[in-house]
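Structure record follows, encoded as structure tokens.
Only the coordinates and a few stated rules stand behind these numbers; no lab work does. Because the structure is predicted, anything quoted here is derived from the model rather than measured. Cβ atoms come from the backbone with ideal geometry, glycine included; neighbour counts cover every protein chain shown.
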Amino acid sequence: MARPSSFTSEAARAEYCRWYDEAVALCEVRVDESDIETSFGTTHVLTAGDPSKPTLVALPGMATSSTMWLPLLPALAAANHVRLVDVVGDVGKSVAAAVLSSPARIAEWIDETLDQLGVNNAAFVGASTGAWMATHYAMAHPERVERLALVCPAGIVSAQHPGWLFRAFMDGRVRASRPRFEAFVESLAMASSRQRMRSDPWRPIIEQLISGPLEFRRGLREPRPVRCNTARLAASGISVVAIIGRQEALHDGKMVAERFRHRLPGAQVHLIEDANHLVFIDQQDTVDRLLRGFLSAP
């Protein structure tokens, strides 16, 4: 049986959680933390916003926790009761007991999470791999997905550049070191964003993204974002927005935007100038505006 991913030690987890807690403390919106139990392990959830409003579930990208959404929380919570979820089997405060080894198991975990939260249906927003996970869930359970926002989506309609995958593997696993991985993370944003990444509120979030994977054992059977057949999503009638950086490091941003327009003709697709994979940092104001408008639309 495959071993779930986990931190290399309790000390490493504690140090990671210190940065996590600092990110929460810097958030300008009140955030409550809780844990729920699923058959895949303990899932950590950050909750914010008015409980009387419709629910929004946010899934982070690979190697990031749900704190990546905190600088965008005012936009997310404007029209929604927000649930920011740490993915089991990835860095964050969730603790895996089983492996999310396939899209079907990802959908099962999300389904259990909604049930434990008492949520019948919700809007979803996902970043990078989180967008891929949310897409698979929307195709498996369209009746539980009100609308779907995909920010810097990975996989879904395109594979990642082989050169980028090779660098991620070498810098993150084979020749892993703090300087190499820090340079790799910086390569995911525009050069003009480097100072923003080192400043609050992004500083403790980026520190998690740099230090977390270096102290985290990731199993070979953990999910990887690959292309999928989006025909079921197109036929579902779910409202979709895709926000893509033109200068994407993972793949060709312009090509990915064109493929989304072709495969999801009803979707809103935005190709953002001067934006790399971390489009929500490179062009935060634009992403805020697009998400706020999409999530508040009737």
Using only Cα atoms, locate the centre of the range 231-261 and the centre of the range 14-66, then give the distance between them in Å, rounded to an integer.
-> 26
With a ≥ b ≥ c taken as the square roots of the eigenvalues of the C-alpha gyration tensor of the range 1-123, please select rounded if a/c is under 1.5 and otherwise prolate if a/b is larger than b/c or oblate if it is not?
-> oblate
So how compact is the range 148-256: Cα radius of gyration and Dmax in angstrom?
-> 15.8, 46
Residue-wise, which Karplus ³J(HN,Hα) couplings in Hz belong to the range 34-51, taking 6.51 cos²θ - 1.76 cosθ + 1.60, θ = phi - 60°, and x for glycine or proline?
-> 8, 10, 10, 9, 10, 5, 9, x, 7, 9, 8, 10, 9, 10, 8, x, 6, x
Relative contact order (percent) for the range 6-296, with alpha-carbon contacts under 8 angstrom and 6 or more residues of separation?
-> 20
By the Kirkwood definition, with r running over pairs of different Cα atoms, the chain has a hydrodynamic radius in Å of 18.9
Please list, in chain and number order, the residues 5+ apart from residue 124 or on another chain whose amide H is under 5 Å from its amide H, with Hs placed from the backbone.
-> 57, 146, 147, 148, 149
Among beta bridges that DSSP assigns inside the chain, antiparallel share in %, nearest 5 = 40
How far apart, in nm, are the 7 Å Cα→Cβ label points at residue 30 and residue 229?
-> 4.8
With +1 at each Lys and Arg Cβ and -1 at each Asp and Glu Cβ, the charge dipole magnitude of the chain around its Cα centre, to the nearest 20 debye, comes out at 940
